[in-house]
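Shown next, in structure tokens, is the structure this report addresses.
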Amino acid sequence: MTTPVLTTISKLTDPIERDQSAATVLDKYIGDGIMGLFGAIKHEPNDGNQDVVDAVRAAVELRKRFNGILPKWIERWTLYTPHKIEIGLACGLHTGDVLVGNVGTELRDQYTALGPNVNFAQRIEARAGMGASTRARLGDQFEFQDSSTVTDIKNIPGEFKLFSVTGVS
């Protein structure tokens, strides 16, 4: 079953990796998640606006690819598991300053991003949300809806408005 898994991962990570001019990095696989960094390598002095557009475009493409792959996954998984399979896709998008680089110890290090803005993006991912700082940079290039206002983000106090992308303008 390794080959179908690798093929699927390749199809899903391509929207993050394909445009190297967009300064994107596929940072890591986290269980059933993928962490991509936009603007970490060749950040343009445009307040991160193009990086945000690239991230949202990748998320929209990821959703499209996931929806195309899902029926094949379910068909294959039903050969191996007796219970109903429910799987979804959520993307957490947030914009802000982070520490990016090789982080670690003498024995192990990795290129990654750290900081409260990374934590926030990860925590809103389960809600398929986009933070207000990301939404503010997108202008009218995408269509949005308010998804929710949340106050229960683990270890991040405050009230946060979340948005979701409903289409491309």
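Derivation of every value follows stated rules applied to the coordinates shown; laboratory data play no part. Predicted, not measured: the structure shown is a model, and the values here were computed from it. Neighbour counts are summed over all protein chains in view; Cβ atoms, including those assigned to glycine, are modelled from backbone coordinates with ideal geometry.
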Query raised in the report: Among the numbered criteria (1) exposed (fewer than 13 other Cβ atoms within 10 Å of the Cβ); (2) on the phi < 0 side of the Ramachandran plot, which single criterion is violated by G131?
Result: (1)
Report summary line: Filtering the stretch 36-66 down to residues that are assigned to a loop (DSSP other than H, G, I, E, B) and touching a residue at least 24 places away in the same chain (Cβ under 8 Å) yields A40, D47, G48
Query raised in the report: Looking at this structure, is K84 in a loop (DSSP other than H, G, I, E, B), of a type in the set (K, R) and over 20 Å from the mean Cα position of the chain (by Cα)?
Result: yes
Requested in this report: Tell me which of these S148 doesn't satisfy, since it passes every other one: (1) exposed (fewer than 13 other Cβ atoms within 10 Å of the Cβ); (2) farther than 20 Å from L12 by Cα.
Outcome: (1)
Report task. Output the number of residues of the stretch 65-101 satisfying the condition of being among the charged types (D, E, K, R), under 29 Å from G48 (Cα atoms) and surrounded by 11 or more Cβ atoms within 10 Å (Cβ to Cβ). Result -> 1
Query raised in the report: Looking at this structure, is T112 polar (S, T, N, Q) and in contact with a strand residue (DSSP E or B) (Cβ under 6 Å, 6 or more places away or on another chain)?
Result: yes
Report task. Any chance you could count how many residues in the stretch 57-77 are in contact with a Leu (Cβ under 7 Å, 6 or more places away or on another chain) and of a type outside the set (D, E, K, R)? Result -> 3
